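Have a look at the structure below, then the notes.
The values are calculated or read from the model by the stated rules, or taken from the named source; none is laboratory data. None of these values were measured; they are calculated from a predicted model. Cβ: placed from backbone, ideal geometry, glycine included. Neighbour counts: every protein chain shown. Surface areas here come from the heavy atoms of the whole protein model, side chains and all, with no ligands, DNA or RNA. Shrake-Rupley method; radii C 1.70, N 1.55, O 1.52, S 1.80 Å.
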Amino acid sequence: MSIPSPRGEREKLITALTPELRRHLKIRAFEHGMDIQDATEHAINAWYTADDLPEVDTDGAKTWGTFLPAGGPDQFKAVCTERGVTYVQGLAQAITQWLENHPSPTKPLTAQPVVRVIVANQKGGVGKTFISSGIAQALAEAGNRVLLVDYDPQGHLTAELGFEDLMYEDDVETLLMHMDGTAKGDIHDLLVALDQERFGERLHLLPASDDAFLRDVALSKVSFSEAALERALEPLEADYDVIIIDGPPSLGLNMDTALYYVRRREGELADRSGVITPVWANKASHRAFRLLKRQMDDLCIKGRIEVDYLGLVVNAYDSRRGKLVKENKDQWEKSSSPAVLAVIGDLKEGREASDGEIPLLEYAPESDHAQAMRDLAKELAV
């Protein structure tokens, strides 16, 4: 989701795409300086003139949507019918052909700012900390320079990574002080590094602090408070490829500053930075998502900005919990904007790593949980 759309009159094509093709398309489009929608439109237009394309494996395709120029979805469906292929197969052929004709350049063609992602949901307990920490670990393991920001006043991320004592240190400047302009020192001094060898000193944490509960009140007195987090983190951006924010379990100014920080900046490609929302397969998560989306929409309209929804993650899913749980999961998977990036099972490794204050990829690197985090990390075009 991005608001508003800068492309004029467009109509939505809803079909399905395999996660692998979706990831390859996103990364390759960014390498060529294109938004995903533009790349998909070009792929479909080229497909119209192609003959005798081989069938593409579409097993595991998930609901996916894209916007085409007015009349585009109807034209695509008509050509699929004429050729005797499903809409899913037609799109898979188009994107596969486009990928083959657009190999990776030696370096991205368009310079881009640091990737900025907030893992957000105003509902507590859905796995924001688990997802944000896991994605950051997987990105660092893959060779990226990653900053994790514990933006949750409860400080679960800081504690679960073994740095809880830092939250209560006296006479130490905090992120809030850098946001409200009262800090005198360098924000680099707040950072700590995870020392596990697999992260290669590339994964750093900006810990929570015990004044974070006062953030909404303090920010209400700051001029242009929405940009307060951006002003604080700006000195760090050149040092990292990705900045992951573990969001607060509440709405308000605290959330607005984080959403504003991950907005699409001038010249930045769509769906590069933005929001990932963990949810559960229950009605309460649907209600919480609607509240967060409403706040995003309101901020976008009033601030005249665009915040991209990168996707949803259905977390702690267990089909044994009954029919309603499966129905809720299926309802999430029908969403195309934002799409479901992953369904993660209710497995023990994540809880054990958290309780032991050990990073998941260090505690259980071969587990399904760890692999799920590596797959999620691939969703970001870094």
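Values for this structure:
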item: Shape of the chain, Cα gyration tensor, a/c cut at 1.5; result: prolate
item: Solvent-accessible area per residue for the chain (1.4 angstrom probe, square angstrom); result: 45 Å²
item: Residue 286 paired with residue 266, simple spin-label distance in nm, labels 7 Å along Cα-to-beta-carbon; result: 4.2 nm
item: Whole-angstrom gap from region 12-83 to region 296-324, using each part's C-alpha centre; result: 23 Å
item: Sites residue 48 and residue 14, calculated FRET efficiency, Cβ-Cβ separation with R0 30 Å, nearest 0.05; result: 0.95
item: Per-residue HN-Hα couplings for region 284-289 [Karplus 6.51, -1.76, 1.60; θ = phi - 60°; Hz; x = Gly/Pro]; result: 4, 5, 4, 5, 5, 4
item: Residues whose placed amide H lies under 5 Å from that of residue 317, excluding near-sequence neighbours; result: 344, 345, 346
item: Surface accessible to a 1.4 Å probe, residue 260 within the full protein complex, Å²; result: 30 Å²
item: 36, 27, 301, 44, ranked by accessible area, largest first (probe 1.4 Å); result: 301, 27, 36, 44
item: Gain in span if fully extended, residue 169 to residue 112, counting 0.36 nm per residue against the direct Cα distance; result: 16.9 nm
item: Estimated [θ] at 222 nm from DSSP helical runs (n ≥ 4, -39500 (n - 2.57)) normalised by residues in the chain, nearest 500; result: -12000 deg cm²/dmol
item: Simple label model, 7 Å out from Cα along Cβ direction - residue 213 to residue 189, nm; result: 2.6 nm
item: For residue 64, residues with placed amide H under 5 Å, excluding near neighbours; result: 15, 16, 17
item: Computed accessible area, residue 186, all protein chains, 1.4 angstrom probe, square angstrom; result: 80 Å²
item: Separation of alpha-carbon centers, region 178-224 and region 118-137, rounded to whole Å; result: 17 Å
item: Cα-based shape type of region 170-265, given that a ≥ b ≥ c are square roots of the gyration tensor eigenvalues and the cut on a/c is 1.5; result: prolate
item: Mean separation of Cα contacts under 8 Å (6+ apart) over length of region 1-101, as relative contact order %; result: 45 percent
item: Gained length - residue 320 relative to residue 38, 0.36 nm times residue gap less alpha-carbon distance; result: 97.4 nm
item: Tensor-based shape of region 314-377 (alpha-carbon gyration tensor, a/c under 1.5 rounded, otherwise prolate or oblate); result: oblate
item: FRET efficiency estimate (nearest 0.05) - Cβ-Cβ, residue 238 to residue 304, R0 30 angstrom; result: 0.65
item: Accessible area, probe 1.4 Å, largest first, for residues 213, 199, 289; result: 213, 289, 199
item: In region 237-382, lysine pairs with alpha-carbon atoms under 25 angstrom apart (chain gap of 8 or more, or interchain); result: 19
item: Exposure ranking of 286, 24 by accessible area [1.4 Å probe, largest first]; result: 24, 286
item: Near-label residues of region 19-39 by backbone N, under 13 Å of a point 7 Å along Cα→Cβ of residue 333; result: 19
item: The chain, relative contact order [Cα under 8 Å, separation at least 6], %; result: 22 percent
item: Relative contact order for region 236-382, counting Cα pairs under 8 Å that sit 6 or more residues apart, in percent; result: 20 percent
item: Derived scalar couplings ³J(HN,Hα) [region 82-97; Karplus, 6.51 cos²θ - 1.76 cosθ + 1.60; whole Hz; x for Gly, Pro]; result: 4, 8, x, 10, 6, 4, 5, 5, x, 5, 4, 4, 5, 6, 4, 4
